[in-house]
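These notes concern the structure reproduced below.
The values are calculated or read from the model by the stated rules, or taken from the named source; none is laboratory data. Small disclaimer: the values here were computed from a predicted structure and weren't measured. Reconstructed Cβ throughout: ideal geometry from the backbone, glycine too, with neighbour counts over all protein chains shown. Just the protein is used for accessible areas: all its heavy atoms, side chains included, with ligands, DNA and RNA removed. Shrake-Rupley method; radii C 1.70, N 1.55, O 1.52, S 1.80 Å.
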Amino acid sequence: MSNTNWTKEQTAAIMNRNTNLLLSAAAGSGKTAVLVQRILTLITDTTQPIDITDLLVLTFTKAAATEMRTRITSELLRLLENAEQEKNTLQAAHINRQLALIESAHISTINAFCQSLIKQYFYRIPLDPKYKIV
């Protein structure tokens, strides 16, 4: 994935730091690929790597969330193989950690994220924990 020829705008979206990001573009324009590359860049940064669980990644569809998680996992496995071949034990250990954390990463639909907040904090708002979405 890192061999992709990104546009100037895509590169800016991938490399921009210390800010929230809203990516909006037409279907098939590469939004998922850009977001996956941005996430990989953040979690494999050699100077200040972060854990995948430090990110909140929201999409509109379950399919998109699943696709994103799958792409991130595949790319992490490829990067792990490279790190092991290069005998970069620190990088390999960090990537292994990200692979262990990927299932608990906050990669979901907006609806699923909001529901998880309600379930987690129902007692802080006047809402019956047995609520139902109509």
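Scanning region 79-110 for residues that are open to solvent by 70 Å² or more (accessible area, probe 1.4 Å) and under 15 Å from the mean Cα position of the chain (by Cα) gives R97, A100, E103, H106. For the subset of region 111-127 comprising residues that are open to solvent by less than 90 Å² (accessible area, probe 1.4 Å) and outside any helix (DSSP H, G or I), which member is farthest from D45 (Cα to Cα)? It comes out as L127. The C-beta contact set for region 79-96 (first residue more than 13 Å from T44 (Cα to Cα) and in a helix (DSSP H, G or I), second residue open to solvent by 40 Å² or more (accessible area, probe 1.4 Å) and modelled with pLDDT under 95, distance under 8 angstrom, 6+ apart or interchain) is empty. Looking only at residues of region 1-56 that are of a type in the set (K, R) and part of a helix (DSSP H, G or I), we find that the one that is surrounded by the most Cβ atoms within 10 Å (Cβ to Cβ) is R38.
Remark: pairs (first residue in region 113-125, on the phi < 0 side of the Ramachandran plot; second residue surrounded by 10 or more Cβ atoms within 10 Å (Cβ to Cβ) and not basic (K, R); Cβ separation under 6 Å; 6+ apart in sequence or on different chains) = F113/L58. Picking from residues in region 57-78 that are surrounded by 12 or more Cβ atoms within 10 Å (Cβ to Cβ) and outside any helix (DSSP H, G or I), the one that is nearest to the chain's Cα centre (by Cα) is V57.
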